[in-house]
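Colleague: Can you read through this structure? Questions will come right after.
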Amino acid sequence: MIKKLLASVRKETLLLLRDRVGLAILFIMPMVLIFVMTLIQDSAFKTLNEKGIPVVFVNEDKDSLGITIEQGLRGSTLCAFSDSIDGQPATYETAKNAVADGKFLVGVVIPKGATDAIRKNVMQLVEETMSTDSVQTIAISDSVDITIFIDPITKKSFLTSITSSLREFISIVKTKIMFQTFSDQIAEIIPDQEKKPVNAFNKTQIIKYNEVFASKQIEEIVPNAVQHNVPAWTIFAMFFIVIPMAGSIMKEKNEGSVFRLHTMPSSYLLLINGKIITYIFVCMIQFVLMMSVGLYFLPMLGLPKLFMGNSYLALFIITLATAFAATGYGVMVGTIASTEQQGAIGGALSILLLSAIGGVWVPTYVMPGVMRDLSALSPLNWSLNSFYELFLRGAGVEAVWYDALKLMLFFLLTMTVASIINRSNRKI
Amino acid sequence: MEQGTIIEIQGLTKTFRGALEPAVKGISLSIGRNEIFGLLGPNGAGKTTTISILCGLFPATSGKINIDGMDMKGDLSNIKQIVGVVPQDIALYPTLTARENLDFYGHMYGLSGKLLKDKIDMWLENFGLTEAAKRKVNTYSGGMKRRVNLIAAILHDPKILFLDEPTVGVDVQSRNVIIDYLKKLNDNGTTIIYTSHHMDEAEHFCTKVAIIDNGTIIEQGTPAELISRYDGCHNLESVFLQLTKRRLRD
Ligand SMILES: Nc1ncnc2c1ncn2[C@@H]1O[C@H](COP(=O)(O)OP(=O)(O)O)[C@@H](O)[C@H]1O
Ligand SMILES: [Mg+2]
């Protein structure tokens with residue numbers, strides 16, 4: 001039995017080694033994809049219209065600034081706004097934890113007295129500007145600390161847009177307060193047209209931003225193109241084995257080997273198992289290759305080095321589960337398809353689709369709500385989420401076992417479907 | 001089952017899914033041990049269907065089959081172990097060498113190690129393929145492929161060898177090599193069941209023949225018996241033509 005299995009693994013390996021196109025699809029294409037996608041990603045993502053990022057808002061200020069920002073965030077198509085967590089009003093602490101747990105990608109905290117602080121600053125500014133003294137004596141005694149919690153998986157380009165929106169809201173508030181203060185002052189003093197306070201105002205940064213990456217990592221990992229693209233395209237590559245794998249199943253049918261095997265005292269399942277074992281090894285080799293691209297080759301191009309998280313066990317578990325899901329899918333496609341071409345096209349298109357909705361090309365959190373719900377159906381998404389947990393949040397086995405289980409169930413499902421179809425095909 | 005009978009078929013019927021008419025209609029046959037049995041008939045007569053059922057490729061719709069004392073339904077995997085099948089079409093991995101193909105199929109019959117290696121060496125030698133065995137099968141001529149296709153079915157020394165049109169599309173030289181080796185195998189005790197529509201070849205090669213048309217056995221016996229049974233027939237071909245009425249087949 002073991003000897004038969006080994007013989008079929010050996011046969012499968014030889015077939016694969018002699019399939020140049022298959023080898024290129026399995027190893028060269030995904031490596032090229034990682035390079036290309038990581039390199040172009042920055043510019044591509046800047047033009048990307050990112051929508052509906054979940055933001056939790058904590059308004060401890062409850063004055064002009066807080067209200068303006070809240071209105072701005074609520075009205076923004078960029079954000080999915082929320083000011084409560086699990087039905088409770090959000091606080092600094094709960095918001096921080098919620099972002100760390102991935103419930104929200106961004107948390108914004110407007111501290112108590114923020115508006116007052118601005119008011120005080122503006123007053124001081126206005127007084128100094130309006131005074132007969134020189135402009136250069138501007139001193140800001142008190143600044144406002146707005147805290148922004150950021151999930152490490154949030155795209156840099158989105159962060160830029162959110163912080164610039166915040167700046168916009170704040171400047172609206174400042175302008176309002178300023179206008180009021182001025183109106184008050186103008187009412188008293190005759191304005192000197194030569195001393196418009198505009199320049200001084202622009203030079204002043206009243207509000208400081210604290211960007212805190214709400215990761216449970218001690219040493220915080222800054223999200224970047226590498227941390228997304230390396231795992232995403234590794235998963236894509238692993239699932240792309242469906243093409244050579246379905247091809248090999250189809251060829252065996254067409255070339256009569258399956259026919260011959262049915263006349264032999266060995267089961268067809270044995271042959272399929274030989275394939276699964278071989279292709280799981282292929283997936284593992286792909287994984288090592290792709291990771292080495294992230295660890296060694298991307299840094300050569302000046303990109304950040306891949307951080308692989310803290311748990312190699314968790315990494316192994318999720319990779320193995322992904323490999324099982326991918327090979328199961330390959331067996332299913334190879335069994336359903338009736339020609340080699342059909343298998344290749346069907347396999348490629350379905351993987352492109354599953355990878356697109358699964359967040360390989362464009363991360364799921366920039367997708368509209370309906371798409372985000374859909375993405376939870378893609379096995380590539382289950383795997384990618386686990387890789388995010390490991391690579392961005394530094395999580396361990398506890399964060400991946402559920403997805404790994406789902407991937408294994410997917411494997412069982414595909415094998416069941418394949419065996420039912422196979423049985424019905426043989427009923428002639 | 002009679003002494004000396006290795007295959008006993010009773011009332012074998014096969015209706016394919018969705019077909020209006022059975023492809024095989026209640027065939028009964030007795031094939032003796034160590035026979036070279038020819039199942040002869042025009043295209044579409046039901047030869048491949050009959051052989052496929054005997055090899056366990058798909059089940060019959062009805063009928064009883066007993067092979068070497070074992071019932072087809074209950075003992076299929078034991079039957080498969082003593083049966084060799086040479087399919088009508090080449091069934092080999094084109095990108096593997098002959099040796100790699102034979103090694104794989106040998107393992108699937110449960111052979112391994114030195115025993116398997118020696119058998120492969122011997123057959124490659126016998127069929128003049130020792131040199132070519134290092135090359136991929138897709139570089140072979142049609143005749144060479146046929147020979148490897150045959151070796152793959154006899155590595156496990158089957159008691160019964162089924163061949164479906166083994167000499168179709170083969171040049172005369174390869175055909176003679178194959179026929180000679182089948183005779184040698186038969187001398188060593190292998191029962192051979194083969195299908196053909198080459199009447200001339202069958203007349204000289206077979207010890208017994210059955211003529212099948214439209215899913216029914218219409219005549220059987222030794223070639224000599226059949227020829228003497230029909231007036232004015234001097235060879236198996238004229239018997240065959242008389243029986244199948246010179247109808248055109250697709
Ligand atoms: N898989 C199949 N499904 C449906 N009909 C089939 C199938 N295989 C063969 N047939 C039909 O059964 C009949 C006998 O075919 P076959 O046994 O291949 O004939 P032969 O080998 O004598 O040329 C033909 O009419 C053929 O069309
Ligand atoms: Mg036929």
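The values are calculated or read from the model by the stated rules, or taken from the named source; none is laboratory data. Keep in mind the model is a prediction, meaning the values are calculated, not measured. Positions of Cβ are backbone-derived with ideal geometry, glycine not excepted, and every protein chain shown enters the neighbour counts. When the accessible area is computed, the model is the full protein with side chains, heavy atoms only, and any ligands, DNA or RNA have been set aside. Shrake-Rupley method; radii C 1.70, N 1.55, O 1.52, S 1.80 Å.
Colleague: Report, by residue number, each residue of region B:174-197 that is within 19 Å of residue B:50 (Cβ to Cβ) and open to solvent by 60 Å² or more (accessible area, probe 1.4 Å).
Modeller: Within region B:174-197, B:197 is the sole residue that qualifies.
Colleague: For region A:57-80, which positions are part of a strand (DSSP E or B) and at pLDDT 80 or above?
Modeller: Scanning region A:57-80 gives A:57, A:58, A:59.
Colleague: Still on this structure: Taking the options B:207, B:216, name whichever one is farther than 18 Å from residue B:36 by Cα, modelled with pLDDT of 90 or more and open to solvent by 50 Å² or more (accessible area, probe 1.4 Å).
Modeller: Of B:207, B:216, the one residue that is farther than 18 Å from residue B:36 by Cα, modelled with pLDDT of 90 or more and open to solvent by 50 Å² or more (accessible area, probe 1.4 Å) is B:216.
Colleague: May I pose another question? Would region A:343-350 turn up any residue that is crowded, with 21+ Cβ neighbours inside 10 Å, under 21 Å from the mean Cα position of the chain (by Cα) and either in the same structural domain as residue A:247 (by TED's automatic domain parsing) or at pLDDT 90 or above (or both)?
Modeller: Within region A:343-350, not a single residue is crowded, with 21+ Cβ neighbours inside 10 Å, under 21 Å from the mean Cα position of the chain (by Cα) and either in the same structural domain as residue A:247 (by TED's automatic domain parsing) or at pLDDT 90 or above (or both).
Colleague: Another question about this same structure. Say we look at region A:239-269 and pick out the residues that are under 21 Å from residue B:151 (Cα atoms) and among the aliphatic types (A, V, I, L, M); which of these is nearest to the chain's Cα centre (by Cα)?
Modeller: My answer is A:258.
Colleague: Pull up region B:147-174, narrow it to residues that are small (Gly, Ala, Ser) and under 13 Å from residue B:123 (Cβ atoms), then point me to the one that is nearest to ligand 2 (Cβ to nearest atom).
Modeller: B:153
Colleague: Still on this model: Determine which single condition residue B:56 fails, assuming it passes every other condition in (1) away from chain A (no Cβ under 14 Å); (2) away from ligand 2 (no atom under 14 Å from the Cβ).
Modeller: All conditions pass for residue B:56, except number (1).
Colleague: Checking residue A:372 against (1) touching a Ser or Thr at 6+ places or on another chain (Cβ under 6 Å); (2) open to solvent by less than 70 Å² (accessible area, probe 1.4 Å), which single condition isn't satisfied?
Modeller: For residue A:372, the failing item is (2).
Conditions (1) within 16 Å of ligand 2 (Cβ to nearest atom); (2) under 18 Å from residue B:63 (Cα atoms); (3) in contact (Cβ under 8 Å) with a residue 40 or more places away in the chain, marked per residue:
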{"residue": "B:4", "(1), (2), (3)": "no, no, no"}
{"residue": "B:8", "(1), (2), (3)": "no, yes, yes"}
{"residue": "B:23", "(1), (2), (3)": "yes, yes, yes"}
{"residue": "B:26", "(1), (2), (3)": "no, yes, yes"}
{"residue": "B:31", "(1), (2), (3)": "no, yes, yes"}
{"residue": "B:39", "(1), (2), (3)": "yes, no, yes"}
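Colleague: Hey, another quick one. Sort through A:324, A:297, A:307 and tell me the only one that's at pLDDT 95 or above and either over 22 Å from the mean Cα position of the chain (by Cα) or at negative phi (or both).
Modeller: That would be A:324, the only listed residue that is at pLDDT 95 or above and either over 22 Å from the mean Cα position of the chain (by Cα) or at negative phi (or both).
Colleague: Ok, one more. Scan region B:71-113 residue by residue and report those that are more than 7 Å from every other protein chain (Cβ to nearest Cβ), within 11 Å of residue A:260 (Cα to Cα) and touching a Phe, Trp or Tyr at 6+ places or on another chain (Cβ under 8 Å).
Modeller: B:84, B:86
Colleague: Just one of the numbered conditions (1) on the phi > 0 side of the Ramachandran plot; (2) more than 9 Å from chain A (Cβ to nearest Cβ); (3) more than 16 Å from ligand 2 (Cβ to nearest atom); (4) not basic (Lys, Arg) is not true of residue B:130; which one?
Modeller: That leaves (1) as the condition not met.
Colleague: For region B:179-220, what are the residues that are assigned to a loop (DSSP other than H, G, I, E, B) and either of a type in the set (Gly, Ala, Ser) or within 16 Å of ligand 1 (Cβ to nearest atom) (or both)?
Modeller: B:189, B:197, B:198, B:214, B:215 - these are the residues of region B:179-220 that are assigned to a loop (DSSP other than H, G, I, E, B) and either of a type in the set (Gly, Ala, Ser) or within 16 Å of ligand 1 (Cβ to nearest atom) (or both).
Colleague: Six or more apart or on different chains, Cβ atoms under 8 Å: show the pairs whose first residue is in region A:411-428 and within 13 Å of chain B (Cβ to nearest Cβ) and whose second is open to solvent by 50 Å² or more (accessible area, probe 1.4 Å).
Modeller: Within 8 Å, the pairs are A:427/B:17; A:428/B:16; A:428/B:17.
Colleague: Being within 14 Å of another protein chain (Cβ to nearest Cβ) and either aliphatic (A, V, I, L, M) or under 18 Å from residue B:221 (Cα atoms) (or both) is the filter here, so list the residues in region B:2-49 that pass it.
Modeller: Within region B:2-49, B:19, B:23, B:24 qualify.
Colleague: Can you find even one residue in region B:64-78 that is surrounded by fewer than 21 Cβ atoms within 10 Å (Cβ to Cβ), within 16 Å of ligand 1 (Cβ to nearest atom) and either under 14 Å from the mean Cα position of the chain (by Cα) or touching a residue at least 60 places away in the same chain (Cβ under 8 Å) (or both)?
Modeller: Among the residues of region B:64-78, not one is surrounded by fewer than 21 Cβ atoms within 10 Å (Cβ to Cβ), within 16 Å of ligand 1 (Cβ to nearest atom) and either under 14 Å from the mean Cα position of the chain (by Cα) or touching a residue at least 60 places away in the same chain (Cβ under 8 Å) (or both), which makes the answer no.
Colleague: So is residue B:247 at pLDDT 85 or above and exposed (fewer than 12 other Cβ atoms within 10 Å of the Cβ) or not?
Modeller: It is false that residue B:247 is at pLDDT 85 or above and exposed (fewer than 12 other Cβ atoms within 10 Å of the Cβ).
Colleague: Okay, moving on. What do you reckon, is residue B:65 farther than 27 Å from residue A:247 by Cβ, facing chain A (nearest Cβ under 10 Å) and among the hydrophobic types (A, V, I, L, M, F, W, C)?
Modeller: So residue B:65 does not fit the description; no.
Colleague: Restricting attention to region A:221-255, which residues are over 19 Å from residue A:279 (Cβ atoms), open to solvent by less than 10 Å² (accessible area, probe 1.4 Å) and either facing chain B (nearest Cβ under 8 Å) or among the aliphatic types (A, V, I, L, M) (or both)?
Modeller: A:226, A:230, A:232
Colleague: Can you find a residue in region A:316-334 that is without any contact (Cβ under 8 Å) to a residue 24 or more places away in the chain and not acidic (Asp, Glu)?
Modeller: Yes: one or more hits.
Colleague: Are any residues in region A:377-428 of a type in the set (Phe, Trp, Tyr) and either in a loop (DSSP other than H, G, I, E, B) or open to solvent by 70 Å² or more (accessible area, probe 1.4 Å) (or both), and if so, which ones?
Modeller: Hits for region A:377-428 are A:401, A:402.
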